[in-house]
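Written below as structure tokens is the structure these notes are about.
Each reported figure results from applying straightforward, stated rules to the coordinates on display, with no laboratory input. The structure presented is a predicted model; accordingly, all values stated were derived computationally and were not measured. All Cβ positions, even for glycine, are placed from backbone atoms using ideal geometry, and neighbour counts span all protein chains on display.
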Amino acid sequence: MSGVAAIILAAGLGSRFGGEAKPLARFRGAPMLAHVLAAAQGSRARPIIVVTGHDHDAVAAACADQAVSLVYNADYRSGLAGSLKAGMRALPEDCAGALVLLADMPLVQPATLDALIAGAELEPDHAAFVPVFDERRGNPVLLTRKLLPQIEALEGDRGAGPLLRAGAGIREIPVDDPGIHLDADTPQALAKIARE
């Protein structure tokens with residue numbers, strides 16, 4: 001397999017978060033997005049693409065001085081599918097796929113990202129690679145170019161979940177990372193993760 005990029009989805013409205021840009025909510029002294037960026041930067045994934053939308057200027061400012069490419073999703077109000085499509089369309093030609101990271105999952109470890117990349121290198125015939133911890137799937141996932149037509153058909157506030165539930169060509173990768181299950185959809189969820 002050729003290169004694997006990292007796509008960080010940071011465009012959402014954060015409606016359950018009270019309207020502020022959710023990726024910028026503070027977690028352990030920094031915006032959640034900073035933790036996700038650090039995980040991507042600590043992995044082998046390159047380039048790193050951040051998809052913005054809601055509160056673009058503030059999210060872009062949080063990425064200042066970082067080695068990332070920004071992609072603006074003008075259709076961010078329509079939901080997650082539009083951001084996923086915008087990120088995948090921005091993949092360089094030499095990338096066979098991308099890790100898709102959510103900006104509200106600040107505890108994912110770089111080693112998890114590298115385990116997904118290693119799995120894709122070992123079994124390049126698969127279409128997607130999903131981390132598993134404690135017998136449960138989580139995020140981020142690695143999606144290959146094989147899925148581009150199906151990704152383009154996605155609509156609304158759903159990511160690649162429907163494609164991954166289909167089963168065919170999906171490889172599960174065991175990881176030692178409870179962070180793949182910990183997302184901060186609400187301020188209460190973020191506080192709970194911070195306490196734990």
Lone unmet requirement of (1) over 26 Å from GLU123 (Cα atoms); (2) in contact (Cβ under 8 Å) with a residue 60 or more places away in the chain; (3) of a type outside the set (S, T, N, Q); (4) surrounded by 24 or more Cβ atoms within 10 Å (Cβ to Cβ) for GLY79
(4)
With the checklist (1) within 15 Å of VAL36 (Cβ to Cβ); (2) more than 15 Å from the chain's Cα centre (by Cα) in hand, flag the one item THR112 doesn't pass.
(2)
Can you find even one residue in region 122-132 that is in contact (Cβ under 8 Å) with a residue 60 or more places away in the chain and among the acidic types (Asp, Glu)?
no
Condition set over 9 Å from ALA21 (Cβ atoms) and in contact (Cβ under 8 Å) with a residue 24 or more places away in the chain, scope region 57-68, selection surrounded by the fewest Cβ atoms within 10 Å (Cβ to Cβ): answer is ALA67
Considering residues of region 110-148 that are of a type in the set (Lys, Arg) and out of contact with any His (no Cβ under 7 Å at 6 or more places or on another chain) only, the residue farthest from ALA10 (Cα to Cα):
LYS146
β-branched (Val, Ile, Thr), surrounded by fewer than 22 Cβ atoms within 10 Å (Cβ to Cβ) and either touching a residue at least 40 places away in the same chain (Cβ under 8 Å) or under 25 Å from LEU13 (Cβ atoms) (or both), is that true of ILE151?
yes
One residue is enough: does region 97-108 have a residue meeting the conditions touching a residue at least 24 places away in the same chain (Cβ under 8 Å), farther than 26 Å from ALA191 by Cβ and in a loop (DSSP other than H, G, I, E, B)?
no
Looking for whichever is exposed (fewer than 15 other Cβ atoms within 10 Å of the Cβ) and either of a type outside the set (Val, Ile, Thr) or out of contact with any Gly (no Cβ under 8 Å at 6 or more places or on another chain) (or both) here; the options are ALA30, ALA34, ALA5. Which one fits?
ALA30
Cβ pairs under 6 Å, 6+ apart, first in region 24-37 and more than 18 Å from ASN139 (Cβ to Cβ) and touching a residue at least 40 places away in the same chain (Cβ under 8 Å), second of a type in the set (Ser, Thr, Tyr) and surrounded by 19 or more Cβ atoms within 10 Å (Cβ to Cβ):
none
Inside region 174-186, the number of residues satisfying the requirement of being exposed (fewer than 15 other Cβ atoms within 10 Å of the Cβ) and in contact with a Gly (Cβ under 8 Å, 6 or more places away or on another chain) is 0
